[in-house]
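S.K.: Structure in structure tokens, see below.
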Amino acid sequence: MALPVVGLALGLVASPPAAADSMKIAVVDTQRAVLETEEGLRTQAALKKHFDKRQKDLDDKQVSLQKEREDIEKQKGVLSKAALEARVEKWQRDMAELQTVFVDYNKELQKKQSELTQPIFQKAMGIIRRLATQNGYDMIVDRQAVPYFRSDLDLTDRVITEYNQASGAAPAGSGAPAAAPAPAAPPPAKK
């Protein structure tokens, strides 16, 4: 009596449902699709321009603090213990302040980037939904979610092209998009 149940269970495992056999899946790198559209490239360039001056100010302050640290090291034997401790404490406060400004800068940059790219993302999602409907895809998966896929399943370039055509822009070049500025991390404070 147990044999028919086992046979039935093996039959279910051995033959997947017919719907899975005909399932049509594609892949899209949504981040690349958003950043490499003409609108995405313009947005990244605007972000870079907006934040370049602030990045330069952070870099200059970091260089200044590095020079100050080197000066403190040189004057260790010349300064009194109290004077040396006062300079070191001031340097540490300044370094902590720079690190706080750096973190705030990164948060502001991420927030601004999100604000500017969200409308692009929404339009790209609309194109992805339309492609899925028009071409009978049951599922379109984000590239970040899958470790491997056949290259013929990737619709990213098509999404970019259709986005640009819908926006009245020429297709984006194959070059890498202008990235948002990546602030240099200040060195850790020394004690």
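S.K.: Quick one: which residue in ARG93, ARG69 is touching a residue at least 12 places away in the same chain (Cβ under 8 Å), out of contact with any Ser or Thr (no Cβ under 6 Å at 6 or more places or on another chain) and either of a type outside the set (Phe, Trp, Tyr) or not in a helix (DSSP H, G or I) (or both)?
M.R.: When all the criteria are applied, what remains is ARG69.
S.K.: Anything in segment 72-88 that is assigned to a helix (DSSP H, G or I) and out of contact with any helix residue (DSSP H, G or I) (no Cβ under 9 Å at 6 or more places or on another chain)? List them, or say none.
M.R.: To start, the set of residues in segment 72-88 that are assigned to a helix (DSSP H, G or I) comprises 72-74, 81-88.
The answer is GLU73, LYS74, LYS81, ALA82, ALA83, GLU85, ALA86.
S.K.: Any idea how many residues of segment 104-144 are among the small types (Gly, Ala, Ser) and either exposed (fewer than 11 other Cβ atoms within 10 Å of the Cβ) or not in a helix (DSSP H, G or I) (or both)?
M.R.: Applying the first criterion (among the small types (Gly, Ala, Ser)) to segment 104-144 yields 114, 124, 126, 132, 136.
Keeping just the survivors that are either exposed (fewer than 11 other Cβ atoms within 10 Å of the Cβ) or not in a helix (DSSP H, G or I) (or both) gives 114, 136.
Residues flagged as among the small types (Gly, Ala, Ser) and either exposed (fewer than 11 other Cβ atoms within 10 Å of the Cβ) or not in a helix (DSSP H, G or I) (or both) within segment 104-144 amount to 2.
S.K.: Related question: Output the number of the condition that GLU162 fails; it satisfies all remaining conditions of (1) in contact (Cβ under 8 Å) with a residue 24 or more places away in the chain; (2) surrounded by fewer than 16 Cβ atoms within 10 Å (Cβ to Cβ); (3) assigned to a helix (DSSP H, G or I).
M.R.: All conditions are met except number (2).
S.K.: Please enumerate the residues belonging to segment 19-31 that are of a type outside the set (Val, Ile, Thr) and either without any contact (Cβ under 8 Å) to a residue 40 or more places away in the chain or surrounded by fewer than 19 Cβ atoms within 10 Å (Cβ to Cβ) (or both).
M.R.: Going residue by residue through segment 19-31, those that are of a type outside the set (Val, Ile, Thr) are 19-24, 26, 29, 31.
ALA19, ALA20, ASP21, SER22, MET23, LYS24, ASP29, GLN31, listed by residue number.
S.K.: Determine, yes or no, whether THR156 is modelled with pLDDT under 95 and not hydrophobic (A, V, I, L, M, F, W, C).
M.R.: Details: modelled with pLDDT under 95: no; not hydrophobic (A, V, I, L, M, F, W, C): yes.
It is false that THR156 is modelled with pLDDT under 95 and not hydrophobic (A, V, I, L, M, F, W, C).
S.K.: State which residue pairs qualify: first residue over 23 Å from ALA26 (Cβ atoms) and inside segment 105-130, second residue aliphatic (A, V, I, L, M) in any location, beta carbons under 7 Å apart, and separation of 6 or more residues or different chains.
M.R.: TYR105/LEU58; LEU109/ALA180; LYS112/LEU47; GLN113/LEU47; GLN113/ALA180; LEU116/LEU47
S.K.: Pick from segment 36-64 the residues that are surrounded by fewer than 17 Cβ atoms within 10 Å (Cβ to Cβ) and over 30 Å from TRP91 (Cβ atoms): which of them is modelled with the lowest pLDDT?
M.R.: For segment 36-64, the residue satisfying everything is HIS50.
S.K.: Suppose we filter segment 65-78 for residues that are over 37 Å from the mean Cα position of the chain (by Cα) and surrounded by 15 or more Cβ atoms within 10 Å (Cβ to Cβ); how many remain?
M.R.: If we filter segment 65-78 for residues that are over 37 Å from the mean Cα position of the chain (by Cα), which is where we start, we get 71-78.
So of that shortlist, the ones also surrounded by 15 or more Cβ atoms within 10 Å (Cβ to Cβ) come out as 72.
So the count comes out to 1.
The values are calculated or read from the model by the stated rules, or taken from the named source; none is laboratory data. The structure displayed is predicted, hence computed values, not measured ones. Here the Cβ is made from the backbone with ideal geometry for all residues, glycine too, and neighbour counts use every protein chain on show.
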